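Undergrad: The structure follows.
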Amino acid sequence: MSFLSVSKVSKAFGGNTVVDAVDLDVERGTFFALLGPSGCGKTTLLRMIAGFETPDSGTISIDGEVMNAVPPHQRPTNMVFQSYAIFPHLNVFDNIAYGLRQLRLPREELRRRVETMLATVRLEGLGGRAADQLSGGQRQRVALARALVREPKVLLLDEPLGALDKRLREAMQIELRTIQRKVGITFLLVTHDQEEALSLSDRVAVMSGGRILQVASPRELYQRPNCREVASFIGEMNFFHASVKDIGEKGVTVNAGLLGNITLPRANAANGIKTGDTILLAIRPEQVRVASEGVTGEIITQTFLGERSHFHVKIAGRTAPVAVSGHPPPGSAVTLAFPPENLIGLPSSD
Amino acid sequence: MKSSRLLFGYALAYLAFLYVPVLVLPLFSLNNSAFIAFPLAGFTTRWYAGLADSALQHALVNSLKVGIATALISTLLGLTAARAVTRYRLRGANAALGVISLPLFIPDIVLGISLLLLLGTLGLPLSLASVVLGHLLICVPFSLTVLIARFEGFDRNLEEASADLGEDGWMTFWRVTLPLMLPGIVASLLLTFITSFDEFLVAYFLSGTEATLPVYIWSQLRFPARLPMVLALGTLILAVSVVLVIFAEKLRNQGVKKPVVGA
Ligand SMILES: Nc1ncnc2c1ncn2[C@@H]1O[C@H](COP(=O)(O)OP(=O)(O)OP(=O)(O)O)[C@@H](O)[C@H]1O
Ligand SMILES: [Mg+2]
């Protein structure tokens, strides 16, 4: 069994299923992200792991111990709240020391631990600062320090960077990753920001409507999404309808209409695809090539974003334009090629 | 400008209207004459010396007893109700609040008479306890208002954060809830104490033989010679009330500041 294991956990509020038979396995010491749109049940799942909500069914276990009946104050987890929940009547030092009371440490040892933690989150010298005199970034660090100082088995972070502005958020992402490597504690981070999830974590679970769609490494998630929802939630993706002609040793041959017959590698097609199925072919904008042979279309828009510039091509007989990364060639007509090794086959959801 | 001068004049008249009668009290309490009339007859403190009277002191002790009991019970009731209303989404919470606040809108004299009738029907004796009962009806709405405002400015996650950091319910109450509620609790205690201490009508109907201070003062007004002494007493009560009210308001407004970020 994995370090943190969530098994068939469901939760409904007043007849609304918010978390639906979720399975999650998180290995010790990993940085794990739970990615999903607003309202998909991320906070609810996190609160069940922390013990603030009781699952209607299913089990949650940490380090081999079933947690369902353990009250929050006895769980080996600590949480960084979405609102930070800094104690307003305590200063920074006392906020961080709050969870160490039961250890009954000698005064010197307590001071040493808190100061080490202040240094870890780079708040040296701010121990005496009142809680209401902190900036957003500082509050975030205090919340993190207060949770980390207890050395939990699992640290739960609920959109910890959501309230920060873009620049601070990017700086804190790097820091969060560094701190996690340094302390080696298992981090479970909830976010609706796909870039944050991909850049920070070792593994990502994509959640939607209370269900887990896919759990994979960031690279795998990007290159081999297992369904249309994941593919379009993470980055941009072009889709084509196709029907499966043959599944053979060399690969899967499909008829993709405008693109003609294509044979893609077996590994590029999702499991469970059978001959005769209607499927979706998906390709990332940066995998589409401008070539001398292929499908011809007309450039309709182009967006200059420096490194991330892209343009859209309208192809006759197709409603959605094709997104292509890079700078467009001169002229309005362009010929595009779709390398089979970069096309992936997904089950058609409709 | 003309309109602003007019406004200033109005404000001045308003303040005079509010405070001149009140200032008459200390003025005549120091006047060396048994008659309340101008011109003043000279300075004396003898009316204050006359306060050392056993019936008066008994009434004062009664009022303190009633005030303290009312303040404690009303704040406790207010605390539990305010917590329930702000913490849980209760069905009928608004209706319940309306019912609790209703005595605010019932004239005290009606309240006094109806309680008197009720106690009589039930065959219960009039006592300080019945006065406390009447004062609770008046004071619980005050407690509730002060405490609900306090709970509403209070991030629910704070108590969860405390549990998350290893403290059980009791320690969380002790280390987080109580310190954050304390200004509200003290404000409620002071407001309800003053309200009860100053209250006359309900006490007049329900106190029976045990007079509270306002009831005692009322009884003394029949003797013209005692009037300056009543003024002296009124002056002292006024001074203490003003200090307590200022203190309570200060505490009430010295809030938990809302967090800068998050909800
Ligand atoms: N205590 C509750 N009572 C009733 N409904 C709730 C409760 N908590 C959450 N919900 C509902 O459950 C759904 C999921 O909420 P949740 O907070 O888990 O979403 P989330 O993924 O964290 O969203 P966000 O990204 O906006 O924070 C929402 O529709 C919400 O209204
Ligand atoms: Mg949330």
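The values are calculated or read from the model by the stated rules, or taken from the named source; none is laboratory data. Computed from a predicted model, the values in this text were never measured in an experiment. Ideal geometry is used to build each Cβ from the backbone, glycine not excepted, and the neighbour counts take in all protein chains shown.
Undergrad: Could you check region A:132-146 and list, in sequence order, the residues that are closer than 19 Å to A:Arg111 by Cβ and among the hydrophobic types (A, V, I, L, M, F, W, C)? Walk me through it before giving the result.
TA: First pass over region A:132-146, keeping only residues closer than 19 Å to A:Arg111 by Cβ: A:141-142, A:145-146.
Across region A:132-146, the qualifying residues are A:Val142, A:Ala145.
Undergrad: Residue by residue through region A:63-98, note down the ones that are aliphatic (A, V, I, L, M) and under 27 Å from A:Thr116 (Cα atoms). Give the steps one after another, and end with the answer.
TA: Here is the first cut: in region A:63-98, the ones aliphatic (A, V, I, L, M) are A:66-67, A:69-70, A:79-80, A:85-86, A:90, A:92, A:96-97.
The answer is A:Met79, A:Val80, A:Ala85, A:Ile86, A:Leu90, A:Val92, A:Ile96, A:Ala97.
Undergrad: Right, here's the next one. Out of the residues in region B:171-211 meeting the condition of being farther than 16 Å from B:Leu115 by Cβ and of a type in the set (Phe, Trp, Tyr), tell me which one is farthest from the other protein chains (Cβ to nearest Cβ).
TA: Ranking the qualifying residues of region B:171-211, first place goes to B:Phe197.
Undergrad: Mind counting the residues in region A:1-32 that are among the aromatic types (Phe, Trp, Tyr) and assigned to a loop (DSSP other than H, G, I, E, B)?
TA: 1
Undergrad: Name every residue in region A:28-51 that is closer than 13 Å to A:Ile62 by Cα, touching a residue at least 60 places away in the same chain (Cβ under 8 Å) and either surrounded by fewer than 18 Cβ atoms within 10 Å (Cβ to Cβ) or more than 16 Å from ligand 2 (Cβ to nearest atom) (or both), in order of residue number.
TA: A:Arg28, A:Gly29
Undergrad: Hey, another quick one. Being aliphatic (A, V, I, L, M) and away from ligand 2 (no atom under 16 Å from the Cβ) is the filter here; which residues of region A:81-100 pass it?
TA: If we filter region A:81-100 for residues that are aliphatic (A, V, I, L, M), which is where we start, we get A:85-86, A:90, A:92, A:96-97, A:100.
Within region A:81-100, A:Ile86, A:Leu90, A:Val92, A:Ile96, A:Ala97, A:Leu100 meet the criteria.
Undergrad: Going by the conditions given, is A:Ser10 within 11 Å of another protein chain (Cβ to nearest Cβ), surrounded by 15 or more Cβ atoms within 10 Å (Cβ to Cβ) and touching a Pro at 6+ places or on another chain (Cβ under 7 Å)? Write out each step before concluding.
TA: On the way: within 11 Å of another protein chain (Cβ to nearest Cβ): no; surrounded by 15 or more Cβ atoms within 10 Å (Cβ to Cβ): yes; touching a Pro at 6+ places or on another chain (Cβ under 7 Å): yes.
Here the answer is no, as A:Ser10 does not meet what is asked.
Undergrad: I'm trying to understand the selection: among the residues of region A:81-93, which are more than 11 Å from chain B (Cβ to nearest Cβ) and aliphatic (A, V, I, L, M)?
TA: Residues of region A:81-93 more than 11 Å from chain B (Cβ to nearest Cβ): A:91-93.
Listed by number, the list holds a single entry, A:Val92.
Undergrad: Are any residues in region A:198-222 in a helix (DSSP H, G or I) and touching a residue at least 12 places away in the same chain (Cβ under 8 Å), and if so, which ones?
TA: To start, the set of residues in region A:198-222 that are in a helix (DSSP H, G or I) comprises A:198-200, A:218-222.
Answer for region A:198-222, where residues must be in a helix (DSSP H, G or I) and touching a residue at least 12 places away in the same chain (Cβ under 8 Å): A:Leu198, A:Ser199, A:Leu200, A:Pro218, A:Leu221, A:Tyr222.
Undergrad: Still on this model: Among residues belonging to region A:50-60 that are over 20 Å from A:Gly15 (Cα atoms) and hydrophobic (A, V, I, L, M, F, W, C), point out the one that is nearest to the other protein chains (Cβ to nearest Cβ). Outline the logic, then answer.
TA: From region A:50-60, those over 20 Å from A:Gly15 (Cα atoms) are A:50-51, A:59-60; that's our starting set.
Checking which are hydrophobic (A, V, I, L, M, F, W, C) leaves us with A:50, A:60.
Working: A:Ala50: 6, A:Ile60: 15 Å.
Here the residue is A:Ala50.
Undergrad: Is there a residue being within 13 Å of another protein chain (Cβ to nearest Cβ), within 14 Å of ligand 2 (Cβ to nearest atom) and within 19 Å of the chain's Cα centre (by Cα) anywhere in region A:61-80?
TA: Scanning region A:61-80 turns up at least one residue that is within 13 Å of another protein chain (Cβ to nearest Cβ), within 14 Å of ligand 2 (Cβ to nearest atom) and within 19 Å of the chain's Cα centre (by Cα).
Undergrad: Follow-up. Please work out if A:Glu108 is more than 14 Å from A:Arg146 (Cβ to Cβ), over 28 Å from the mean Cα position of the chain (by Cα) and either modelled with pLDDT of 90 or more or of a type outside the set (D, E, K, R) (or both). Lay out the reasoning, then the answer.
TA: On the way: more than 14 Å from A:Arg146 (Cβ to Cβ): yes; over 28 Å from the mean Cα position of the chain (by Cα): yes; either modelled with pLDDT of 90 or more or of a type outside the set (D, E, K, R) (or both): yes.
Considered against the rule, which asks whether it is more than 14 Å from A:Arg146 (Cβ to Cβ), over 28 Å from the mean Cα position of the chain (by Cα) and either modelled with pLDDT of 90 or more or of a type outside the set (D, E, K, R) (or both), A:Glu108 comes out as yes.
Undergrad: Being part of a loop (DSSP other than H, G, I, E, B) and exposed (fewer than 11 other Cβ atoms within 10 Å of the Cβ) is the requirement here; does B:Ala41 meet it?
TA: Details: part of a loop (DSSP other than H, G, I, E, B): yes; exposed (fewer than 11 other Cβ atoms within 10 Å of the Cβ): no.
No, not satisfied.
Undergrad: Among the residues of region B:68-83, is there at least one that is of a type in the set (D, E, K, R) and free of Cβ contacts under 8 Å to residues at least 40 places away in the same chain?
TA: Taking region B:68-83 as the starting set, the residues that turn out to be of a type in the set (D, E, K, R) are B:83.
Retained after the next criterion (residues that are free of Cβ contacts under 8 Å to residues at least 40 places away in the same chain): none.
Looking through region B:68-83, none of the residues is of a type in the set (D, E, K, R) and free of Cβ contacts under 8 Å to residues at least 40 places away in the same chain.
Undergrad: Hey, among the residues in region A:33-80 that are assigned to a strand (DSSP E or B) and touching an Asp or Glu at 6+ places or on another chain (Cβ under 7 Å), which one's farthest from ligand 1 (Cβ to nearest atom)? Steps first, please.
TA: Residues of region A:33-80 assigned to a strand (DSSP E or B): A:33-35, A:57-62, A:65-66, A:77-80.
So of that shortlist, the ones also touching an Asp or Glu at 6+ places or on another chain (Cβ under 7 Å) come out as A:78-80.
Numbers: A:Asn78: 18, A:Met79: 13, A:Val80: 14 Å.
Selected residue: A:Asn78.
Undergrad: Residues A:Thr263, A:Thr253: which one is in contact with a helix residue (DSSP H, G or I) (Cβ under 9 Å, 6 or more places away or on another chain), among the β-branched types (Val, Ile, Thr) and either assigned by TED's automatic domain parsing to the domain that holds A:Ser325 or more than 27 Å from A:Val19 (Cα to Cα) (or both)? Show your work before the answer.
TA: Values: A:Thr253 fails: in contact with a helix residue (DSSP H, G or I) (Cβ under 9 Å, 6 or more places away or on another chain).
Result: A:Thr263 is the single residue among A:Thr263, A:Thr253 that is in contact with a helix residue (DSSP H, G or I) (Cβ under 9 Å, 6 or more places away or on another chain), among the β-branched types (Val, Ile, Thr) and either assigned by TED's automatic domain parsing to the domain that holds A:Ser325 or more than 27 Å from A:Val19 (Cα to Cα) (or both).
Undergrad: Checking B:Leu72 against (1) modelled with pLDDT of 85 or more; (2) touching a Leu at 6+ places or on another chain (Cβ under 6 Å), which test does it fail?
TA: Tallying (1) modelled with pLDDT of 85 or more; (2) touching a Leu at 6+ places or on another chain (Cβ under 6 Å), B:Leu72 fails exactly one: (2).
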